[in-house]
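K.L.:
To start, I am sharing the structure in question, which I have written as structure tokens.
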Number of protein chains: 2
Amino acid sequence: MALQYGPLSFYRSHMLSTTPLSTTPRTALTRAKDRARTDRADLHAVLDAGLICHLGVVIDGCPRVVPTAYGRIGETLYLHGSTGATSLRAAGEVCVTVTHVDGVVYARSAFHQSVNYRSAMIYGTARVVTDPEEKTAGLRALTEQLAPGQWDVARPPYRKELAQTTVLALPLAEASVKVRQGPPREEEEDLALPVWAGVLPLRVGWGDPQPDPAVPPGVPVPSHVAWR
Amino acid sequence: MALQYGPLSFYRSHMLSTTPLSTTPRTALTRAKDRARTDRADLHAVLDAGLICHLGVVIDGCPRVVPTAYGRIGETLYLHGSTGATSLRAAGEVCVTVTHVDGVVYARSAFHQSVNYRSAMIYGTARVVTDPEEKTAGLRALTEQLAPGQWDVARPPYRKELAQTTVLALPLAEASVKVRQGPPREEEEDLALPVWAGVLPLRVGWGDPQPDPAVPPGVPVPSHVAWR
């Protein structure tokens, strides 16, 4: 229990930026430009609402896309994994994408079938976190993203567990956000077709908590789980 | 409307394979090997249950991960996009990942926090589909994946719409499937800790259909949408 969650000084180095999102060649939308969001708050909202991201790395010249957990502190995204993970050892230049599917768009024409979604893509060079304080803070952020409140009640990582874990930090410097919502956009001449069009919303929610078999009967589900 | 959905001969070239999934260096799991599934039916199940995939490509040596729709016919995955899409023009060697998050695993130790999920990763060289019959079949499979039944009632693609669309085919030849389910796995010494542990299941379902504003009042929601 030597490594504890860091003091406030750590957060001071992660002040929120108010600059709008970058428009580098790879983050500028070339089509459907009306779907772009350039407010940094939109980036944070997409990230904060997610559970996992898809991490893209290049290994031997080939792409690899790995679903993995993440956490955010200010303008830094944290990723983690086993020190032996190929995808983390290969990290460096990465692309992290977080996507929420909000519904299926039924159009009157096959060409205009679509999906309502919110997505964020972040490009950059991932840095291996070596500072113990930042490493622990990054891991806490990862747990907060998935299971808010659990870090504060769970046994903190042992030294050897920390040694088995690689934590990567990715600055939210080069990023794009795309959002599509609403009904289908159709050709004018298709509007009179006798075809139902609209949106079938996708609903995501939590089911009933399932206690681990080793939890003694009668132990209540804690509020940070039950009230989610 | 010259290009119609193809005859059965097309399907005969897409017979289902019964060979187990490949174990190439990049699809063999190096850790948590008990999460691997090698039955081809598991791959199909993960793919068929999804709405979108994350497509990984390499552009100028850097990874890019794009959320996009897909469809499956037998042992071939189809992707599509605008002919101008950078990610499709750069395609060639790709990695396609489909992930379902089934729940959050609350553990008694920070180190063992986890996620229940099903995921599939497919590696390979994407082929640009040029045959009109296969192109239309691929687009139909894409619509069936997102909006089953809508292709049969919607206006088929115009020639010019097909010309604006690139369809890629990716063989399900080199693929891996990972599944994690069930309660946390913990250190023996942690089981007595007074920390709630278990699984909070994630539930995904459909909301009420939202008709497009141009749908005349009183038009019923068709069965292929309402019964989903």
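The numbers here are math on the coordinates, done by the rules we state, and not lab data. Because the structure is predicted, anything quoted here is derived from the model rather than measured. When we count neighbours, we look across all protein chains shown, and the Cβ atoms used for this are built from the backbone with ideal geometry, even at glycine.
K.L.:
Quick check: residue separation of B:Ser22 and B:Asp131 times 0.36 nm, minus the Cα distance between them. What number comes out in nm?
P.N.:
36.4 nm
K.L.:
Using packing as a proxy for protection, rank A:145-154, B:153-162, A:61-70 so that the peptide with the highest average count of other Cβ atoms within 10 Å comes first.
P.N.:
A:61-70, A:145-154, B:153-162
K.L.:
Using the scaling law 2.2 N^0.38 Å as the reference, what is the normalised Cα Rg of chain A?
P.N.:
1.20
K.L.:
Hey, what angle do you get for helix B:132-146 against the long axis of chain B, alpha-carbon based, 0 to 90 degrees rounded to 10?
P.N.:
50
K.L.:
Provide the gained length on full extension for the span B:Arg31 to B:Asp208, in nm with one decimal, where the gain is 0.36 nm per separating residue minus the Cα-Cα distance.
P.N.:
59.5 nm
K.L.:
Can you list residues from other chains, or at least 5 along the same chain, whose modelled amide H is less than 5 Å from the amide H of B:Val115?
P.N.:
Those lying under 5 Å, H to H, from B:Val115 are B:Val105.
K.L.:
Using 1/(1 + (r/R0)^6) with R0 = 41 angstrom and r between the beta carbons of B:Lys160 and A:Val153, what's the FRET efficiency to the nearest 0.05?
P.N.:
The pair B:Lys160/A:Val153 has a calculated efficiency of 0.10.
K.L.:
Under the definition of partner shielding as Cβ atoms of other protein chains within 10 Å of a residue Cβ, what is the mean value for peptide A:181-190?
P.N.:
2
K.L.:
Enumerate the calculated ³J(HN,Hα) couplings along segment A:157-170 in order (Karplus 6.51 cos²θ - 1.76 cosθ + 1.60, θ = phi - 60°), each rounded to whole Hz, writing x wherever the residue is Gly or Pro.
P.N.:
Whole-Hz 3J(HN,Hα) from phi for segment A:157-170: x, 5, 4, 5, 5, 4, 5, 7, 10, 9, 10, 10, 10, 10.
K.L.:
Starting at the first residue of segment A:104-121, write each ³J(HN,Hα) from the Karplus equation 6.51 cos²θ - 1.76 cosθ + 1.60 with θ = phi - 60°, in whole Hz, x for Gly and Pro.
P.N.:
Here the 3J(HN,Hα) series is 9, 9, 8, 10, 6, 10, 4, 5, 9, 4, 7, 9, 8, 7, 10, 9, 10, 10 Hz.
K.L.:
Using alpha-carbon positions, what is the distance between the centroids of segment B:41-82 and segment B:135-159, in Å?
P.N.:
For segment B:41-82 versus segment B:135-159, the Cα centre distance is 17 Å.
K.L.:
Now, a different point. Roughly how crowded by other chains is peptide A:167-180, in terms of the mean Cβ count from those chains within 10 Å of each of its Cβ atoms?
P.N.:
0
K.L.:
Taking beta carbons within 10 Å but only from partner chains, what does the mean come to for residues A:115-121?
P.N.:
3
K.L.:
Under 12 Å between alpha carbons, and skipping anything fewer than 8 positions from B:Lys178 in its own chain: which aspartates and glutamates qualify?
P.N.:
Cα-Cα hits under 12 Å: B:Asp34, B:Asp39, B:Asp42.
K.L.:
Between beta-carbons, use under 10 Å as the cut-off and find the net charge around B:Trp206, counting Lys and Arg +1, Asp and Glu -1.
P.N.:
Once all neighbours under 10 Å are counted, the net charge is +1.
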